[in-house]
Amino acid sequence: REEIDRFRDTHRESERLWREASAHMPDGVPMLWMAKWPGPWPVFVERADGAHFRSVDGIDHIDLCLGDTGAMVGHAPAAAVAAITEQLQRGSTFMLPTVDASAAAALLAGRFGLPSWQFTLSATDANRALLRYARQVTGRRKVLVIDYCYHGSVDEAFATLAEDGAVVPRRGNIGPPVPLAETTVVVPFNDVPALEAALATGEVAVVLAEPAMTNIGIVLPQPGWHDAVRAACDRTGTVLILDETHTLCAGPGGMVARDGLRPDAVVVGKTIAGGIPAGAYGMTAEFAERARTSLELEDIDVGGVGGTLAGNAVSLAGIRATLSEVLTADAYPAMIERAAEWTAGVQSAIDRHGAPWQVTQLGARAEYSFLPRPPRDGREAAEADDFELQQYLHLHALNRGILLTPFHNMALMSPATTAADVAAHTAAFGEAVASLYA
Ligand code: PLP
């Protein structure tokens, strides 16, 4: 209550704008997720730079949410802004390639060790395209996903395991569900026997998974998981897609390059164009060739891949500049170091007050969960969810000028995030835990 009152008193201009916006947008926001903030209304942003943004209420915020990874490179990174602006002035969309296309593809190929790339407007689009290709090349229908995964608004991936093992739509799935029994198999993360049994049926076209789960807290792979997945895919002729949209936080070539993983295809998106819409997928030479030869040229129109503005010149200029000048290999050590500091600060406050929680770090990303030990799979992570507690901790931080990701207890470090930014969060978090465990 006290925190809500404090928020109300200090965010009057945001309130005014939100009431005005509510006349023409549900919940007063342009995209519904933006209504998921802990306060009674969302904070309206005036401008942002690096790891900070200023609200219309005149408050400076340390941004540990960074657009839920959309701004992992920091806000308005100069090199990307310059390249994007310059390309905008020279035209943005032609249905023809520009020189940045091959530069962007070559940069991604070098990072992920996959030679063949295509561009989209979002990671969701990239996942959808790859699922279609995988079905096309295998002639099979089913997609295997991990319980509690998120890969964008992809119908077949929006499923979970019921208590009796049935595959059912996830809560919040809008509209009549796709026939999940025909399209989708769900297995828990790190459950090798379940994955092997599902693939042994010979019905699964493709495994679509994150290398580490990031959408239900952070759940790290157990030793042997990735080798077992690759081996089972090889045995059964199943395509393996690793979605690195979030795990690009682990290093310049995501977990694929960091850990030597061997997918048939990877997906990236969110931050790769410096903050404007872009996604991409990369394929091995073999998978790209199978995908290409399995399509008659005239089928491409109905293949369900591609889009009018996909691969537009502005996004490609943004990707080229971001990868070569902002999110460089040299930028990662400091980002990862900041995340380690954040992890140590949060864990020490947890330990000091005896809260039964823990923190997990994955590269430049870290997250606390209301569990005494790291979760092994999505269900364990989900069972620790405590909405009210999370809202309190997030609102407490917001009232002290620190923004966390609304859907998780997650903090992300950009190349611009400083040790002082992290220390400010550590102090505020310690105060919040003390208020709960006094
Ligand atoms: N893949 C993963 C792992 C994600 O976490 C998300 C979004 O959170 C997506 C794909 C979809 O990204 P977008 O909403 O930018 O299409």
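The values are calculated or read from the model by the stated rules, or taken from the named source; none is laboratory data. Nothing here was measured: the structure is a model prediction, and the numbers come from that model. When we count neighbours, we look across all protein chains shown, and the Cβ atoms used for this are built from the backbone with ideal geometry, even at glycine.
Remarks
- Selection status of V314, among the hydrophobic types (A, V, I, L, M, F, W, C) and outside the structural domain of T120 (by TED's automatic domain parsing): no
- Whenever a residue of the range 89-109 is at positive phi, its partners that are at pLDDT 95 or above and not aromatic (F, W, Y), lying with C-beta atoms within less than 7 angstrom and at least six residues away or across chains, give the pairs G91/A313.
- Filtered residues of the range 158-212 (kept if closer than 20 Å to T247 by Cβ and among the polar types (S, T, N, Q)): N190
- Selection status of L96, surrounded by fewer than 15 Cβ atoms within 10 Å (Cβ to Cβ) and away from the ligand (no atom under 16 Å from the Cβ): yes
- Scanning the range 204-225 for residues that are polar (S, T, N, Q) and within 11 Å of the chain's Cα centre (by Cα) returns T214, N215.
- Restricted to the range 70-80, and to residues there that are touching a residue at least 60 places away in the same chain (Cβ under 8 Å) and surrounded by fewer than 23 Cβ atoms within 10 Å (Cβ to Cβ), the residue that is farthest from the ligand (Cβ to nearest atom) is A79.
- Annotation note: of D155, D164, D147, the sole residue that is in contact with a Ser or Thr (Cβ under 9 Å, 6 or more places away or on another chain) and away from the ligand (no atom under 14 Å from the Cβ) is D147.
- When residues of the range 189-210 are limited to those that are more than 21 Å from V268 (Cα to Cα) and of a type outside the set (A, V, I, L, M, F, W, C), the one nearest to the ligand (Cβ to nearest atom): N190
- The conditions of being under 21 Å from A104 (Cα atoms) and either more than 15 Å from the ligand (Cβ to nearest atom) or hydroxyl-bearing (S, T, Y) (or both) are not met by E244.
- Among the residues of the range 380-399, those identified as surrounded by 17 or more Cβ atoms within 10 Å (Cβ to Cβ) and either within 20 Å of the chain's Cα centre (by Cα) or charged (D, E, K, R) (or both) are E380, A381, Q390, H394.
Residues checked against (1) assigned by TED's automatic domain parsing to the domain that holds H226; (2) of a type in the set (A, V, I, L, M, F, W, C); (3) touching a Ser or Thr at 6+ places or on another chain (Cβ under 7 Å); (4) away from the ligand (no atom under 11 Å from the Cβ):
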{"position": "G253", "(1), (2), (3), (4)": "yes, no, no, yes"}
{"position": "R258", "(1), (2), (3), (4)": "yes, no, no, yes"}
{"position": "P263", "(1), (2), (3), (4)": "yes, no, no, yes"}
{"position": "V267", "(1), (2), (3), (4)": "yes, yes, yes, no"}
{"position": "I272", "(1), (2), (3), (4)": "yes, yes, yes, no"}
{"position": "P277", "(1), (2), (3), (4)": "yes, no, yes, no"}
{"position": "F287", "(1), (2), (3), (4)": "yes, yes, no, yes"}
{"position": "T293", "(1), (2), (3), (4)": "yes, no, no, yes"}
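- Selection status of I300, at pLDDT 95 or above, assigned to a helix (DSSP H, G or I) and either of a type in the set (A, V, I, L, M, F, W, C) or over 22 Å from I146 (Cβ atoms) (or both): no
- R1, sole failed condition from (1) buried (at least 21 other Cβ atoms within 10 Å of the Cβ); (2) over 30 Å from I319 (Cβ atoms): (1)
- In the set A329, A334, only one residue is out of contact with any helix residue (DSSP H, G or I) (no Cβ under 9 Å at 6 or more places or on another chain), of a type in the set (A, V, I, L, M) and farther than 26 Å from A382 by Cβ; that residue is A334.
- Considering the range 126-159, and only residues there that are polar (S, T, N, Q) and at pLDDT 95 or above, the residue that is surrounded by the most Cβ atoms within 10 Å (Cβ to Cβ) turns out to be N127.
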